[in-house]
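Coordinate-derived values only; no laboratory data. Only a predicted model underlies this, so the values are computations on that prediction, with no experimental measurement involved. Cβ atoms come from the backbone with ideal geometry, glycine included; neighbour counts cover every protein chain shown.
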Amino acid sequence: MIASETVGCINVICSDKTGTLTENKMTVSAFYDGTWHDRTNELNSDWLIHNVCLNTTADISQDGTFIGNPTECAMLNFYESSAARGTSGKSYKDERNDHDVLHAFPFSSELKHMTTISKVDGKIISYVKGSPECVFSMCALSDKEKAEIEHYITKSQKKAMRVIAFAHKELDQMRNYEEDHHHTAMETDMKFDGFVAISDSLRADVYEAVKNCRSAGIDLKILTGDNIVTAKAIADELHILNGDRIAVEAKEISELSDDQLLKLLPRISVIARSTPTIKMRVVKLLKSQGNVVAVTGDGINDAPALKNADVGIAMGISGTEVSKEASDIVLLDDSFSTIVKAIAWGRGIYENFKRFIQFQLTVNVSSVIVVFTSILLGLKAPFTALQLLWINIIMDGPPALTLGLEPIYDDLMSRTPTKRSDNILSRAMFYRIGLTGLYISVIFLCQYVFNFLGASSEETGTVLFTLFALFQLFNAFNCRELHTTSIFKHLLQNRIMLLVISITFVLQILIIQFAGAFFGTIPLGITMWAKLLLLSFSVIVVSELIKIVLRQTAQQK
């Protein structure tokens, strides 16, 4: 419940890229094994084949369902295609059965690579896959070779493709490679084997969702493990690097002090090669500035950032159980546009709270003023006990509760987010409650003292009771709009409220005309009913006139 309210106040989203902004349907679109190929060519490099098959932990079920890391699944699916298998004809499962995996060092966001030691044809081979810059640092490449490879890598990354590089090394003998010096030796002087370029298209609805974020005053920051070129390509496609917005790599900001990073954060829209530590630090600094921060994540390493965000959002499909437990909200479809919808609903819930509170306080303020002032003026109490009970039913019952069912308005996401320091009872609400309550009270007391409606002495109590009840029913329409928008713009959107107000009005008529013995009232004539309706409707007229003045003043500014 807390997250449902807080999500509407979000003004910064730290989003992952894969699976949230993209479809999470990764496909190997090209590969390099010394020569550039598209995916229709055969994969004939044994080193690449072994790296893809043996240096992965993912699987593909018999019905074609991917099990495990989406990147690894994409590589296995590519290999399983008839063209990619080449002349061997073996499936990836055959390759795994034919060779022994002796030890594996799993991928981590800090190391940015995975290493597997396998026994292949009587030899002990170390296979590495990971980010190109990481694999380059392990290989002995000439400047010419490196320049050629980087050319094709950049070509892929500019098309928003993720590049996974491969390398191998033959080891003399099996040792305890978990020891630091053996591990380091194993990952030096390796042979570069090539890379695959994996595409993952942006979701069709993410463009509109990002546009809605921008109009809603929500700052989107993409924190991704991808290379900065790939990250920039995605950001450019979403138009979030306009103006003075920049993309940086995690290593560029890791050495900055908190004060330096705080000054730079408003300009940063993309952090490439992001790590859990960087993500956590960014979240804490954003919150220290008074921002309401949402974080998306799917892995175990994302759990700290998810837990410390104002709203942690885990992926329901690709997310780990740890990330789901650490989060406040779980997305069943892993889509960024769902986050934006949740923000819209959160804003709607928050505004409905305010509508209900505004109506409640206005009734309270006006009732207190009229009763207290009547006593001070030496007049008898304007309401009987049963009449006060009926007014209380209007205040706390269905007419008030239907304000909590107000639908989301079209212009809801064009407003700025609620600040962390803002009180639910805003200054504008405070003025509106005070002025409306005062207006109702003044008109009511003028009728009580001066009887300008011309009620007979027998009708006085009935007229006052009816006038006050009708004032509150009409004011319920004013409470539907918290801003300067006319109540007539969204008048028909909350039909339940219209129905309940109509039923309450009919009940008011029945009480006056037929339940006088219980409520101490007498029937009123049609002329008096018309006067009461016109007078009580004035609370809407006055409110609309003030809104017109405020709108014109705002336009002139």
Next on the checklist: List residues of the stretch 131-170, by number, whose backbone nitrogen lies under 12 Å from a label position 7 Å along Cα→C-beta of Glu237.
Outcome noted: 157-162
Checklist entry - Got a sec? How would Leu389, Leu473, Leu331, Leu435 order by Cβ neighbour count within 10 Å, fewest to most? => result Leu389, Leu435, Leu473, Leu331
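If the convex hull of the alpha-carbon atoms of the stretch 27-199 is projected onto planes in all directions, what is the mean projected area in square nanometres?
Mean orientational projected area (the stretch 27-199, Cα hull): 9.8 nm².
Obtain the radius of gyration and the Kirkwood radius of the stretch 1-123 from its C-alpha atoms and give Rg over Rh. The partial results should precede the final answer.
Values: Rg = 18.5 Å, Rh = 16.8 Å.
Taking Rg over the Kirkwood Rh, I get 1.10.
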Checklist entry - Using alpha-carbon positions, what is the distance between the centroids of the stretch 264-300 and the stretch 308-384, in Å? => result 27 Å
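List the chymotrypsin sites (Phe, Trp or Tyr not before Pro) within the stretch 405-442 that DSSP assigns to loop and that have no more than 11 neighbouring Cβ atoms inside 10 Å.
On the way: sites: Tyr409, Phe430, Tyr431, Tyr439; in loops: Tyr409.
Listed in order of number, the matching sites amount to none.
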Checklist entry - With axes computed from alpha carbons, what is the tilt in degrees of helix 495-514 against the longest principal axis of the chain, rounded to the nearest 10 within 0 to 90? => result 20 degrees
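Between Rg and the Kirkwood Rh of the stretch 53-150, both from Cα atoms, what is the Rg to Rh ratio? Numbers along the way, then the final one.
Numbers: Rg = 15.0 Å, Rh = 15.1 Å.
Using only Cα positions, Rg/Rh for the stretch 53-150 is 0.99.
Report the gain in length on full extension from Ile317 to Tyr207: 0.36 nm times residue separation, minus Cα-Cα distance, nm rounded to one decimal. Mind showing how you got there, number by number?
Values: separation 110, 0.36 × 110 = 39.60 nm, distance 2.13 nm.
Between Ile317 and Tyr207, full extension yields 37.5 nm more.
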Checklist entry - By how many degrees, 0 to 90 and rounded to 10, does the Cα axis of helix 385-396 deviate from the longest principal axis of the chain? => result 20 degrees
Next on the checklist: Place a point 7 Å from the Cα of Lys25 along the Cα-to-Cβ direction; which residues of the stretch 48-82 have their backbone N under 17 Å from it?
Outcome noted: 64-67, 70-71, 73-75, 77-78
Checklist outcome for this item: Going fewest to most other Cβ atoms within 10 Å around each Cβ, Val449, Val128, Val295, Val539 line up as Val449, Val539, Val128, Val295
Checklist entry - What is the total of Lys pairs in the stretch 346-556 with C-alpha atoms under 20 Å apart, excluding same-chain pairs fewer than 8 positions apart? => result 4
Checklist outcome for this item: Relative contact order in percent for the chain (Cα pairs under 8 Å, 6+ apart) equals 15 percent
Checklist outcome for this item: Over all directions, the chain yields a Cα convex hull whose mean projected area in nm² is 34.1 nm²
Next on the checklist: Could you check the spin-label model distance between Gln289 and Ser137? Points 7 Å from the Cα along Cα→Cβ, value in nm.
Outcome noted: 2.9 nm
Checklist outcome for this item: His99 and Thr65 label points (each 7 Å along its Cα→Cβ direction) are spaced in nm at 2.9 nm
Checklist outcome for this item: Contour minus Cα-Cα span, His151 to Val449, at 0.36 nm per residue, comes to 98.4 nm
Item to check | Contour minus Cα-Cα distance for Thr35 and Asp172 (0.36 nm per residue) | outcome: 46.4 nm
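In whole percent, what relative contact order does the stretch 400-557 give with Cα contacts below 8 Å and a gap of six or more residues?
On the way: 96 pairs, mean separation 51.6, N = 158.
Contact order relative to length: 33 percent.
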Checklist entry - Which whole-number percentage describes the relative contact order of the stretch 306-381, with Cα contacts under 8 Å and a sequence gap of 6 or more? => result 18 percent
Item to check | Cleavage-rule hits (GluC sites (Glu not before Pro)) in the stretch 209-255: DSSP loop, at most 11 neighbouring Cβ within 10 angstrom | outcome: Glu255
Checklist outcome for this item: If every Lys and Arg gets +1 and every Asp and Glu gets -1 at its Cβ, then about the Cα centre the chain yields a dipole, in debye to the nearest 20, of 2720 debye
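What is the order of Asp100, Asp143, Asp46, Asp328, fewest Cβ neighbours within 10 Å to most? Intermediate results must be reported in sequence, preceding the final value.
Values: Asp100 12, Asp143 7, Asp46 15, Asp328 19.
Exposure proxy ranking, most exposed first: Asp143, Asp100, Asp46, Asp328.
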